[in-house]
Amino acid sequence: MIWQSPLCRVVLVDDPYYPGFCRVILNRHEKEMTDLPQAESEHVMQVVFAVERVLRQLLQPEKINLASFGNMTPHVHWHVMPRFADDRHFPQPRWGPVQRDGAVYGLPDLLPHVRQQLALALNTGLTHE
């Protein structure tokens, strides 16, 4: 977990093929974004957009994919996925067929930078878990 509010949290996924892949996860169970009061849905999207901005700044990806699926587990969460021209699936969706072996990214310093920049972007305290 790299950031948290009373409503949602941001998790950095440990995937060497997809550096910076984050999930924004609602802290309680709700099935759809429209189940949330407007202020809460706006807060969740503010967090999603802040994660996107921070990842674009730090990683300069070819594209950022935003997705909210939850078909297997109906729970409000967003995937924020930086995409690179040499990633395993580009230009196809990450869940599509693998296009190539893909680059393995060694970004050991990414976590503290994302934490710091996200805290600044959201103008909030920082969770150190």
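Coordinate-derived values only; no laboratory data. Keep in mind it's a predicted model, so treat the numbers as computed, not measured. Here the Cβ is made from the backbone with ideal geometry for all residues, glycine too, and neighbour counts use every protein chain on show.
Details
- In order through the stretch 2-12: 3J(HN,Hα) via Karplus (6.51 cos²θ - 1.76 cosθ + 1.60), integer Hz, x for Gly, Pro: 10, 7, 8, 10, x, 8, 8, 9, 10, 10, 8
- Less than 5 angstrom separates the built amide H of N65 from those of M81, R83, all sequence-distant by 5 or more or on a different chain.
- For the stretch 60-67, Karplus couplings with θ = phi - 60° (6.51, -1.76, 1.60), whole Hz, Gly/Pro x: 6, x, 5, 7, 10, 9, 10, 8
- Counting only DSSP H runs of at least 4 residues, each contributing -39500 (n - 2.57), and dividing by the residue count of the chain, the helix-based mean residue ellipticity at 222 nm comes to -9000 deg cm²/dmol.
- Rounded to the nearest 20 debye, the dipole magnitude of the stretch 3-118 is 60 debye, with +1 charges on Lys and Arg beta carbons, -1 on Asp and Glu beta carbons, and the Cα centre as origin.
- Calculated FRET efficiency for the pair N71/V104, C-beta based, R₀ 41 Å, to 0.05: 0.90
- Proximity of backbone amide H atoms, modeled 1.01 Å from N, is registered between C8 and N27 at under 5 Å, excluding neighbours fewer than 5 places apart on the same chain.
- Relative contact order (%) - the chain, alpha-carbon pairs under 8 angstrom, separation at least six: 30
- Per-residue Cβ neighbour rank within 10 angstrom, fewest leading, V13, V104, V48, V54: V104, V13, V48, V54
- Among H113, H77, a tally of other beta-carbon atoms within 10 Å of each Cβ gives an order, fewest to most, of H113, H77.
- Sorting C8, C22 by the number of Cβ atoms found within 10 Å of their own Cβ, with the fewest placed first, yields C8, C22.
- Helix 110-122 vs. the chain, principal-axis angle (Cα, 0 to 90°, nearest 10): 40
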